[in-house]
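The values are calculated or read from the model by the stated rules, or taken from the named source; none is laboratory data. In this text, all values refer to a predicted model and were calculated from it rather than measured experimentally. Neighbour counts are summed over all protein chains in view; Cβ atoms, including those assigned to glycine, are modelled from backbone coordinates with ideal geometry.
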Amino acid sequence: MSKNYDFKNLRVLVVDDCKFMRGILERMLQALGLGYIRVASDGISAWELLCTEDFDLIITDWEMEPEDGASLVRRIRLDPDSPARYIPVVMLTGYTEKAKVMNARDIGITEFLAKPLAARSLHARIMNIVDNPRPFVRTASFFGPCRRRLNLPSFEGADRRASELDAVEI
Amino acid sequence: MAREKLPEIPADASKSWHAVIDRPNDLSRKVLKSGGVEPEKAFLAADAIVKQMTSEYIDKLAEDIQQMNVLAAKYRKDNSEETLDRLFRLIHNMRGQGATFGFPLITEIGRHFCRYVRERPKRKAVKPALVDQHLKAMHVVYNQSIKGSGDEISQAVVNALAEVVDRELA
């Protein structure tokens, strides 16, 4: 049975360079019951908003100018002055290639959502963020939500982190 | 706004060093577990929004096709990376929107175009003729308003593009 979680207290920042996509995403989020939605057209505008307002979740596109989504996520996670270092980030993009998904994980996104945009998958990502938050991990080359997809209390198996520092773990 | 410091890496950290940072689940506290919109109803509402916006999408697609023609003509003249990049960004956005509004062939053709432009080996120059083939295919889908996966001929054209791109990327 579906859970009818009440998202009205969530504050979401939508970042997309396409006004049309921002519009449809905003309306979909409203349909899902999200109460506060702000929009930005690229990473720089998003950063400015993050510096002035509190948000609970970011949904960002990848390809944007002048600052793209990947650069925005890197800044959020690693910039010494980041105003929202641990904020969950959903990367919503037209990219579907495995290499891009891996790349997104490595820069510290929380969830990856490939277009076409569908309310059901958007809802699933938000539910997962609420119900199954992952711990953050800091290594010499990575900072972000744990890349091991399953949020197990203990990992049984070889410690790949020890031997493959840059390995992508999903 | 509380800024949180990036966890430091110890100076004597070994290659396998890592820190796991457990975070309080703030979102779970903000999201009430009942009283929200019934998900299935929300999905239906979202579907209705997409349906309502389809005519806007068709208008936008017409503008994008026109813009694509302008950029393609410019690219044929100046052969510049900058123009190609603008064309890439336009088509990347078209790719993201197509399937959302029932035009998966726009998404598929866009995907092959984007792969070709961004993933080709650096030693290989972009072939304007191959760019044009993608644009022609986009034109056909738009002019004939081919929704869904199209007929056998449409599929054959898209598959042929995929094969050529695969060869170029090899």
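When the residues of the range B:5-29 are filtered to those that are under 28 Å from A:His123 (Cβ atoms) and in a loop (DSSP other than H, G, I, E, B), which remaining residue is farthest from the other protein chains (Cβ to nearest Cβ)? Steps first, answer last, please.
Our first condition is that a residue be under 28 Å from A:His123 (Cβ atoms); within the range B:5-29, this holds for B:21-29.
Within this subset, residues satisfying the condition of being in a loop (DSSP other than H, G, I, E, B) are B:22-25.
Numbers: B:Asp22: 5, B:Arg23: 6, B:Pro24: 9, B:Asn25: 5 Å.
In this case the residue turns out to be B:Pro24.
I'd like to check something: does the range A:80-90 contain any residue that is touching a residue at least 12 places away in the same chain (Cβ under 8 Å) and closer than 23 Å to B:Asn93 by Cβ?
Looking through the range A:80-90, at least one residue is touching a residue at least 12 places away in the same chain (Cβ under 8 Å) and closer than 23 Å to B:Asn93 by Cβ.
Would you confirm whether any residue within the range B:30-40 is out of contact with any His (no Cβ under 6 Å at 6 or more places or on another chain), surrounded by fewer than 15 Cβ atoms within 10 Å (Cβ to Cβ) and either at positive phi or more than 9 Å from chain A (Cβ to nearest Cβ) (or both)?
The answer is yes, given that some residue of the range B:30-40 is out of contact with any His (no Cβ under 6 Å at 6 or more places or on another chain), surrounded by fewer than 15 Cβ atoms within 10 Å (Cβ to Cβ) and either at positive phi or more than 9 Å from chain A (Cβ to nearest Cβ) (or both).
Is at least one residue of the range A:93-104 in contact (Cβ under 8 Å) with a residue 24 or more places away in the chain, within 12 Å of chain B (Cβ to nearest Cβ), closer than 25 Å to B:Asp22 by Cβ and of a type in the set (Phe, Trp, Tyr)?
No, that holds for no residue.
Can B:Met53 be described as assigned to a helix (DSSP H, G or I), within 27 Å of A:Asp17 (Cα to Cα) and either more than 7 Å from chain A (Cβ to nearest Cβ) or acidic (Asp, Glu) (or both)? Step through it out loud before you land on a result.
Details: assigned to a helix (DSSP H, G or I): yes; within 27 Å of A:Asp17 (Cα to Cα): yes; either more than 7 Å from chain A (Cβ to nearest Cβ) or acidic (Asp, Glu) (or both): no.
No; evaluated as a whole, the condition is false for this residue.
Select from the range A:46-60 the residues that are within 11 Å of chain B (Cβ to nearest Cβ) and either modelled with pLDDT under 95 or closer than 21 Å to A:Asn132 by Cα (or both) and list them in ascending order. Lay out the reasoning, then the answer.
First, pick out the residues of the range A:46-60 that are within 11 Å of chain B (Cβ to nearest Cβ): A:50-57.
Of everything in the range A:46-60, those that are within 11 Å of chain B (Cβ to nearest Cβ) and either modelled with pLDDT under 95 or closer than 21 Å to A:Asn132 by Cα (or both) turn out to be A:Phe55, A:Asp56, A:Leu57.
Any residue in the range B:147-161 that is under 11 Å from B:Ala137 (Cα atoms) sitting within a Cβ distance under 7 Å of a residue that is of a type in the set (S, T, N, Q) and at pLDDT 90 or above? List the pairs, counting only those 6 or more apart or interchain.
As it stands, the answer is B:Leu161/B:Gln133, since those pairs meet every condition given.
Scanning for something under 28 Å from A:Leu57 (Cα atoms), within 7 Å of chain A (Cβ to nearest Cβ), in contact with a strand residue (DSSP E or B) (Cβ under 6 Å, 6 or more places away or on another chain) and surrounded by 13 or more Cβ atoms within 10 Å (Cβ to Cβ), does the range B:82-91 turn up at least one residue? Steps first, answer last, please.
Here is the first cut: in the range B:82-91, the ones under 28 Å from A:Leu57 (Cα atoms) are B:89-91.
Next, only the ones that are within 7 Å of chain A (Cβ to nearest Cβ) stay: B:89.
Now drop any that are not in contact with a strand residue (DSSP E or B) (Cβ under 6 Å, 6 or more places away or on another chain), which leaves none.
Scanning the range B:82-91, I find no residue that is under 28 Å from A:Leu57 (Cα atoms), within 7 Å of chain A (Cβ to nearest Cβ), in contact with a strand residue (DSSP E or B) (Cβ under 6 Å, 6 or more places away or on another chain) and surrounded by 13 or more Cβ atoms within 10 Å (Cβ to Cβ), so the answer is no.
If you check B:Ile58, B:Ile49, which single one turns out to be within 29 Å of the chain's Cα centre (by Cα), closer than 30 Å to A:Phe55 by Cα and not hydroxyl-bearing (Ser, Thr, Tyr)? Quick ask: steps written out before the conclusion?
Details: B:Ile58 fails: closer than 30 Å to A:Phe55 by Cα.
One residue alone meets the criteria, B:Ile49.
Please list, ordered by first then second residue, the pairs with beta carbon atoms under 6 Å, 6 or more apart or interchain, first in the range A:114-129 and facing chain B (nearest Cβ under 9 Å) and buried (at least 21 other Cβ atoms within 10 Å of the Cβ), second assigned to a loop (DSSP other than H, G, I, E, B) and not hydroxyl-bearing (Ser, Thr, Tyr).
A:Lys115/A:Gly94; A:His123/A:Leu32; A:Ile129/A:Pro88
What number of residues in the range A:114-136 are closer than 18 Å to A:Glu26 by Cβ and in contact with a Ser or Thr (Cβ under 6 Å, 6 or more places away or on another chain)?
Here is the first cut: in the range A:114-136, the residues closer than 18 Å to A:Glu26 by Cβ are A:115-123, A:125-126.
Imposing the further condition that a residue be in contact with a Ser or Thr (Cβ under 6 Å, 6 or more places away or on another chain) reduces the set to A:116-117.
Selection size over the range A:114-136: 2.
Give the residue that is nearest to A:Asp106 (Cα to Cα), with candidates limited to residues of the range A:61-75 that are within 11 Å of another protein chain (Cβ to nearest Cβ) and buried (at least 17 other Cβ atoms within 10 Å of the Cβ).
Our first condition is that a residue be within 11 Å of another protein chain (Cβ to nearest Cβ); within the range A:61-75, this holds for A:61-65, A:68.
Filter once more, so that each one left must be buried (at least 17 other Cβ atoms within 10 Å of the Cβ): A:61-64, A:68.
On the way: A:Asp61: 16, A:Trp62: 14, A:Glu63: 17, A:Met64: 19, A:Asp68: 15 Å.
So, considering only residues that are within 11 Å of another protein chain (Cβ to nearest Cβ) and buried (at least 17 other Cβ atoms within 10 Å of the Cβ), the one nearest to A:Asp106 (Cα to Cα) is A:Trp62.
What number goes with the only condition from (1) out of contact with any strand residue (DSSP E or B) (no Cβ under 6 Å at 6 or more places or on another chain); (2) of a type outside the set (Val, Ile, Thr); (3) buried (at least 22 other Cβ atoms within 10 Å of the Cβ) that A:Ala46 does not pass?
Exception for A:Ala46: condition (1).
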